[in-house]
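Input: a single structure, listed below in structure tokens.
The values are calculated or read from the model by the stated rules, or taken from the named source; none is laboratory data. Note that the structure is predicted; figures quoted are calculated from it, not measured. Note that each Cβ is placed from the backbone with ideal geometry, even for glycine, and that neighbours are counted across all protein chains shown.
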Amino acid sequence: MNNADFLIRHWQQVQADITSVRQQTAASQPVQLIAVSKTFPVNDIATLYQSGQRDFGENYIQEFSEKTSLLADLDIVWHMIGHIQSNKSRIVAERAQWVHTIDREKIAWRLHEQRPEHLTPLNVCIEVNIAAEANKHGISTDSAELLALATTISTLPRLKLRGLMCVAKANSTEIELRQQFNQMKTLLQQLREGGFEVDVLSMGMSADLNTAIACGATHVRVGSAIFGQRSYAEN
Ligand SMILES: *Cc1c(COP(=O)(O)O)cnc(C)c1O
């Protein structure tokens with residue numbers, strides 16, 4: 001099997017998994033598959049693009065910058081899913097359609113200021129550190145903090161608040177996963193009750209996408225189940 005066949009087969013398998021978990025769990029929400037291509041070459045992205053995949057996720061600004069330049073001719077929907085240092089936000093504001101990792105006012109302000117006028121508002125999600133892990137980014141699950149950040153974002157017309165994102169704690173049991181994802185759903189509901197028109201739960205990766213979808217995920221971010229194992233460590 002050559003690399004293109006490998007990729008397309010795995011990509012089709014992930015789509016079949018998404019369909020079957022939606023049927024089994026009666027999850028009624030649409031689910032968008034974001035192919036997380038970090039560390040993999042632009043050829044792999046082009047292969048999946050030819051097959052019909054449009055949404056791709058990247059974590060690292062340098063890599064995002066290179067890949068978006070090389071693939072500028074393709075109408076890819078780019079999702080920034082990694083932490084953004086504020087001195088590196090400009091390229092993201094200019095080239096991404098989505099940022100999943102807003103965790104402080106400062107980064108929201110900068111992305112707003114740097115988002116070019118001729119583009120539609122940048123879709124953003126607030127990242128929640130759902131299991132309160134010391135080594136993870138994201139705001140706490142405190143609803144006052146969440147509502148405050150959402151309020152700030154909603155005053156910035158170059159940004160469009162879409163919902164919430166999390167990375168579940170590694171090696172969680174099925175029960176722990178459900179607790180985390182259900183809490184995300186509750187937080188999204190609290191935002192709605194606070195008057196925010198939000199509809200996105202960005203949660204679920206290769207290891208836990210079925211559970212995430214069963215708990216209401218609308219966007220799953222899948223890397224290794226499509227592209228294979230990554231050969232270098234990530235943050
Ligand atoms: C790497 C990464 C993913 C994809 O992880 P896989 O386990 O390879 O599916 C999803 N979301 C974020 C934030 C990531 O950093």
Condition met for ASN129 (among the polar types (S, T, N, Q) and within 16 Å of the ligand (Cβ to nearest atom)): yes
Residue within region 69-76 that is in contact with a helix residue (DSSP H, G or I) (Cβ under 8 Å, 6 or more places away or on another chain) and within 16 Å of PHE227 (Cβ to Cβ) present: yes
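Every residue, every condition in (1) under 29 Å from LEU48 (Cβ atoms); (2) touching a strand residue (DSSP E or B) at 6+ places or on another chain (Cβ under 7 Å); (3) surrounded by fewer than 21 Cβ atoms within 10 Å (Cβ to Cβ); (4) at pLDDT below 95, yes or no:
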{"residue": "PRO121", "(1), (2), (3), (4)": "yes, yes, yes, no"}
{"residue": "VAL128", "(1), (2), (3), (4)": "yes, yes, no, no"}
{"residue": "ALA148", "(1), (2), (3), (4)": "no, no, yes, no"}
{"residue": "THR151", "(1), (2), (3), (4)": "no, no, yes, no"}
{"residue": "CYS166", "(1), (2), (3), (4)": "yes, yes, no, no"}
{"residue": "VAL200", "(1), (2), (3), (4)": "yes, yes, no, no"}
Failed criterion for MET205 (all others in (1) of a type in the set (A, V, I, L, M, F, W, C); (2) buried (at least 22 other Cβ atoms within 10 Å of the Cβ); (3) in contact with a strand residue (DSSP E or B) (Cβ under 6 Å, 6 or more places away or on another chain) hold): (2)
ARG230 vs. criteria closer than 19 Å to ILE139 by Cβ and within 11 Å of the ligand (Cβ to nearest atom): no
First in region 40-56 and free of Cβ contacts under 8 Å to residues at least 24 places away in the same chain, second anywhere and surrounded by 15 or more Cβ atoms within 10 Å (Cβ to Cβ) and assigned to a loop (DSSP other than H, G, I, E, B), Cβ under 7 Å, 6 or more apart: ARG54/ILE76; PHE56/SER37; PHE56/ILE76
Pair list, Cβ under 6 Å, 6 or more apart: region 58-73 residue over 14 Å from GLN97 (Cα atoms), other residue away from the ligand (no atom under 16 Å from the Cβ) and not aliphatic (A, V, I, L, M): ILE61/LYS88
